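To start, the structure itself, in structure tokens.
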Amino acid sequence: MTGDMGDVFNAMKAESQERRQRNRDKGAEILAELGVAFTIHNVGAHIVVDVTADERVDYWPGTGRWRSRSADAKGFGIADLVGYIKKQQCKKEKS
């Protein structure tokens with residue numbers, strides 16, 4: 001019985017690692033397609049996104065978590081991050 005649970009756990013762990021790797025690859029790809037400036041750190045585990053000239057966001061694509069360095073903003077997922085970037089850039093253009 002214990003062996004079966006170990007096999008299930010190992011399969012779930014492997015799937016989780018594969019999903020995080022896909023997220024790392026896809027997150028950077030989406031940002032590049034949108035023309036967003038960013039730098040990749042720690043072999044893709046951490047991405048620093050230049051939202052505006054004076055705002056940067058730390059993004060961890062493996063988990064989807066992101067957090068602004070200067071504003072009190074945070075969230076999960078690349079779609080949420082892209083929405084935040086567009087919103088901030090629109091605000092900056094209106095100023």
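Residue-wise test of (1) surrounded by 15 or more Cβ atoms within 10 Å (Cβ to Cβ); (2) among the β-branched types (Val, Ile, Thr); (3) on the phi < 0 side of the Ramachandran plot; (4) modelled with pLDDT of 95 or more.
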position: ARG19; (1), (2), (3), (4): no, no, yes, no
position: THR39; (1), (2), (3), (4): no, yes, yes, yes
position: VAL43; (1), (2), (3), (4): no, yes, no, no
position: VAL49; (1), (2), (3), (4): yes, yes, yes, yes
position: VAL57; (1), (2), (3), (4): yes, yes, yes, yes
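What pairs can you find where one residue is in segment 64-81 and more than 16 Å from ALA28 (Cβ to Cβ), the other is among the small types (Gly, Ala, Ser) and outside any helix (DSSP H, G or I), and their Cβ atoms are less than 6 Å apart, with a gap of 6+ or different chains?
Here the result reads PHE76/GLY64, each pair linking segment 64-81 to a residue that is among the small types (Gly, Ala, Ser) and outside any helix (DSSP H, G or I).
Condition check: assigned to a helix (DSSP H, G or I), at pLDDT 90 or above and either surrounded by 15 or more Cβ atoms within 10 Å (Cβ to Cβ) or not polar (S, T, N, Q) (or both). Does VAL82 satisfy that?
yes
Can you list residue pairs whose Cβ atoms sit under 6 Å apart, with the first residue in segment 1-23 being within 20 Å of ALA45 (Cα to Cα) and the second being assigned to a helix (DSSP H, G or I) and of a type in the set (A, V, I, L, M, F, W, C)? Count only pairs 6 or more apart in sequence or on different chains.
Close Cβ pairs (under 6 Å, with a partner that is assigned to a helix (DSSP H, G or I) and of a type in the set (A, V, I, L, M, F, W, C)) do not exist here.
For GLY77, work out the one condition from (1) small (Gly, Ala, Ser); (2) within 11 Å of the chain's Cα centre (by Cα); (3) farther than 22 Å from LYS91 by Cβ; (4) surrounded by fewer than 17 Cβ atoms within 10 Å (Cβ to Cβ) it doesn't fulfil.
(3) is the only condition that GLY77 fails.
Among all residue pairs at least 6 apart or on different chains, which show Cβ distances below 6 Å where the first residue, located in segment 27-53, is in contact (Cβ under 8 Å) with a residue 40 or more places away in the chain and the second is surrounded by 11 or more Cβ atoms within 10 Å (Cβ to Cβ) and of a type in the set (S, T, N, Q)?
Taking only residues 6 or more apart or on different chains, the pairs are THR52/GLN88.
If GLY35 satisfies all but one of (1) at negative phi; (2) out of contact with any helix residue (DSSP H, G or I) (no Cβ under 9 Å at 6 or more places or on another chain), what's the number of the condition it fails?
So GLY35 meets the others, but not (1).
The values are calculated or read from the model by the stated rules, or taken from the named source; none is laboratory data. If you're wondering where the values come from, they're calculated on a predicted model, not measured in any experiment. Cβ atoms come from the backbone with ideal geometry, glycine included; neighbour counts cover every protein chain shown.
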